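**Student:** I'd like to ask some things about the structure below.
The values are calculated or read from the model by the stated rules, or taken from the named source; none is laboratory data. Keep in mind that what you see is a predicted model, and the values were worked out from it rather than measured. When we count neighbours, we look across all protein chains shown, and the Cβ atoms used for this are built from the backbone with ideal geometry, even at glycine.
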Amino acid sequence: MHGPASSGWLLVALCAATGGYCLLRMRSSVEEQCRAAGGEALMGFGMAVMAVPAAAFTPPSWAWQAHAAVFGAAGLHALWAARAAPRHLHHLVGAAAMVYMAVTMAASSGHGRGHGPGHDGPGTPLLTGILLLYFVAYVLVSGIRLVPASAAAGGAPGTGWGDRPELARACRLAMGIAMVAMLPAM
């Protein structure tokens, strides 16, 4: 990712911590939560890899192609799951954004900053702008939904910290914020 190294490492830490918590959530006794947590862990770790500052490590272009293939498969899985539950459409958009960023990173490796697919000159590419607007709206709505949940829910007695819905919402909010930070750097 292009940009200052310090913010890149902060994004790496945020995304990796979120992915790690989502892995812990996979141990939940609630089957739907386990499935969602697996996809969110993949997204968190994938975003952590993508956020590593270019000055620290520049992967070969085939790594971005592999990244795009993994998230393309995750997008197909989210599309399949969205048939039964429309809430998976957000996972589809997230996977599509990851594919877009991986393809852009592969195309821009060796070509300079910001000249990926759909870039028609100075400014922000149209797809980047659309994704940015989506994730800004997602962050705002998620933040609003999180406030009442954290104020009202202290966690049911006997519920493990991995099963608390407000923590899962906070992880999704953190990943949305990370996506908002990463997209303009494309």
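**Student:** Do we find a residue being over 20 Å from VAL70 (Cβ atoms), touching a Pro at 6+ places or on another chain (Cβ under 8 Å) and either in a helix (DSSP H, G or I) or not polar (S, T, N, Q) (or both) anywhere in segment 31-43?
**Tutor:** no
**Student:** Do we have any residue at all in segment 114-137 that's over 30 Å from LEU167 (Cα atoms), modelled with pLDDT of 90 or more and in contact with a Ser or Thr (Cβ under 8 Å, 6 or more places away or on another chain)?
**Tutor:** no
**Student:** Do you know which of the residues in segment 20-60 that are closer than 19 Å to GLY94 by Cα, at pLDDT below 90 and among the charged types (D, E, K, R) is surrounded by the most Cβ atoms within 10 Å (Cβ to Cβ)?
**Tutor:** Looking at residues that are closer than 19 Å to GLY94 by Cα, at pLDDT below 90 and among the charged types (D, E, K, R), I get ARG35.
**Student:** Could we say that ALA82 is at pLDDT 90 or above and either surrounded by 18 or more Cβ atoms within 10 Å (Cβ to Cβ) or not polar (S, T, N, Q) (or both) here? Steps first, please.
**Tutor:** On the way: at pLDDT 90 or above: no; either surrounded by 18 or more Cβ atoms within 10 Å (Cβ to Cβ) or not polar (S, T, N, Q) (or both): yes.
Considered against the rule, which asks whether it is at pLDDT 90 or above and either surrounded by 18 or more Cβ atoms within 10 Å (Cβ to Cβ) or not polar (S, T, N, Q) (or both), ALA82 comes out as no.
**Student:** With respect to ALA63, is the statement that it is surrounded by fewer than 17 Cβ atoms within 10 Å (Cβ to Cβ), in a helix (DSSP H, G or I) and modelled with pLDDT of 85 or more true? Step through it out loud before you land on a result.
**Tutor:** Values: surrounded by fewer than 17 Cβ atoms within 10 Å (Cβ to Cβ): yes; in a helix (DSSP H, G or I): yes; modelled with pLDDT of 85 or more: yes.
Answer is yes for this residue.
**Student:** Right, another one. With the requirement that a residue be over 16 Å from MET43 (Cα atoms) and not basic (Lys, Arg), what does segment 82-102 give you?
**Tutor:** ALA82, ALA84, ALA85, PRO86
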